[in-house]
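Below you'll find the structure, written out as C-alpha cells, and then a few comments.
The values are calculated or read from the model by the stated rules, or taken from the named source; none is laboratory data. Remember, it's a predicted structure, so these values are computed and weren't measured experimentally. Here Cβ is always computed from backbone atoms with ideal geometry, including for glycine, and neighbour counts include all displayed protein chains. When the accessible area is computed, the model is the full protein with side chains, heavy atoms only, and any ligands, DNA or RNA have been set aside. Shrake-Rupley method; radii C 1.70, N 1.55, O 1.52, S 1.80 Å.
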Amino acid sequence: MSDIVWHQHSIDQESRAKQKGQSPVLLWFTGLSGSGKSTLAGALERALFDGGFHTYLLDGDNVRHGLCKDLGFSASDRDENLRRVGEVAKLMVDAGLVVLSAFISPTKEERERVRGLFEEGRFIEVHVSTPIEVCEARDPKGLYKKARAGEIKEFTGISAPYETPIAAELTIDTSKGDIATQVNALLDYLAAIQVIDGAKLKAAV
C-alpha cells in the first residue's frame, strides 16, 4: 500500500458542493427489517430531488445486485458489505451529493466505523425506531415468519441482537404520524444545519 497515494484533484468537495447549492452529507438510516428505513429514505430523496437538490439513495437490497453480489450474510460478509457501502458513500459525498443509505447495520461498531470515514458533521445517523411488534406485523418480505420458523439464522431482532443507537442525530418511529410529517421533520433538520437552503426548498414546493 505504500506505493498508493491519494491524488488530490483540482476540483474539490467544496467546489462541487457550491455548484450544487448544498452541503454534502450522508444520512445513514438504521433500524430493524420492516421499520420503514427504505420507504422513509426514498420519500426524503423524492422531496429533495423535487426541490432541486442532488442526491443518491443506497439501498441494502440494491447494492447486493452488483457492488456486493459476491457477499453472503455471515458476520464477516455483512461487515464487508457495510465497509464497501461506506467507502462508496464517502466518494459520493466528496462528489457533493446528499447521500441517503438504508441498512439495518445492527451494531454500534459497524455504524461508528462508517461515521469515522467522514468529517465532523458529514454523517447523520437516523434511527428508525419503529417497535419490533410493528415491524413484524408489517413483515413486507416475509422474513420474520421465516425467522420464527427457524428458516433464517441470525435474524436481527429475533435470533440476533440490534444495538439501539444512543446518540443518533435523529430518531423517527414510522408507526407514529404520517410519512409527510416525518419527511418534513427531516427536511427541517437538514435546513437547520444548512445542508440545504430551506428557502430554495419552499420555493420549489
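What to note about this one:
- Against the criterion of solvent-accessible heavy-atom surface with a 1.4 angstrom probe, LYS141, LYS146 sort, most first, into LYS141, LYS146.
- Measuring with a 1.4 angstrom probe and ignoring ligands and nucleic acids, ARG115 comes out at about 60 Å² accessible.
- Length available on full extension from SER159 to GLN19: 0.36 nm per residue minus the Cα-Cα distance, which gives 45.7 nm.
- Selection of GluC sites (Glu not before Pro), the stretch 113-196, meeting DSSP coil and at most 14 other Cβ within 10 Å: GLU119, GLU120, GLU151, GLU154, GLU163
- The accessible surface of the stretch 166-205, taken with every protein chain in place and a 1.4 Å probe, is 56 percent carbon and sulfur.
- Annotation: amide H of THR174 within the under-5 Å range of SER129, THR130, sequence separation 5 or more or interchain, hydrogens built in the peptide plane.
- Gap separating the Cα centres of the stretch 146-169 and the stretch 57-94, nearest whole Å: 19
- 25 Å Cα-Cα threshold exceeded, pairs from LYS37/LYS108; LYS18/LYS69; LYS69/LYS176; LYS37/LYS141; LYS90/LYS146: LYS18/LYS69; LYS69/LYS176; LYS90/LYS146
- Adding -39500 (n - 2.57) for every DSSP H run of four residues or longer, then dividing by how many residues the chain holds, sets the calculated 222 nm ellipticity at -12500 deg cm²/dmol.
- A cut-off of 5 Å between modelled amide H atoms, ignoring neighbours fewer than 5 places along the same chain, links LEU27 with VAL99, LEU100, SER101, ILE124.
- The Cβ shell under 15 Å around SER105 holds other residues with a net charge of -4, Lys and Arg each +1, Asp and Glu each -1.
- Sequence of ILE158, ILE172 when ordered by accessible area, the most exposed leading, probe 1.4 angstrom: ILE158, ILE172
- What the pair-distance distribution of the stretch 87-205 shows, using all Cα-Cα distances binned every 5 Å from zero, is 2, 9, 16, 19, 18, 16, 11, 6, 3, 1, 0 percent.
- Computed over protein heavy atoms with a 1.4 Å probe, the carbon and sulfur contribution to the accessible area of the stretch 1-73 reaches 53%.
- The residues of the stretch 33-126 have, on average, 46 Å² of accessible surface per residue, using a 1.4 Å probe with all protein chains present.
- Recomputing Cα extents along the principal axes in Å from the coordinates shown identifies the correct label among (i) 54, 50, 30; (ii) 48, 38, 28; (iii) 55, 49, 39 as (i).
- Of the solvent-accessible surface of the stretch 79-119, computed with a 1.4 Å probe and all protein chains present, 55% belongs to carbon and sulfur.
- Ratio Rg/Rh, restricted to the stretch 44-133 and using Cα atoms, in which Rh is the Kirkwood radius: 0.97
- For the stretch 5-69, the average shadow cast by the Cα convex hull is 6.5 nm², which is a quarter of the hull's surface.
- Solvent-accessible ranking of HIS65, HIS9, HIS54, HIS127, largest area first, probe 1.4 Å: HIS65, HIS9, HIS54, HIS127
- Under the span-like rule (Cα at least 27 Å along the axis, Kyte-Doolittle mean at least 1.0), DSSP H helices of the chain: none
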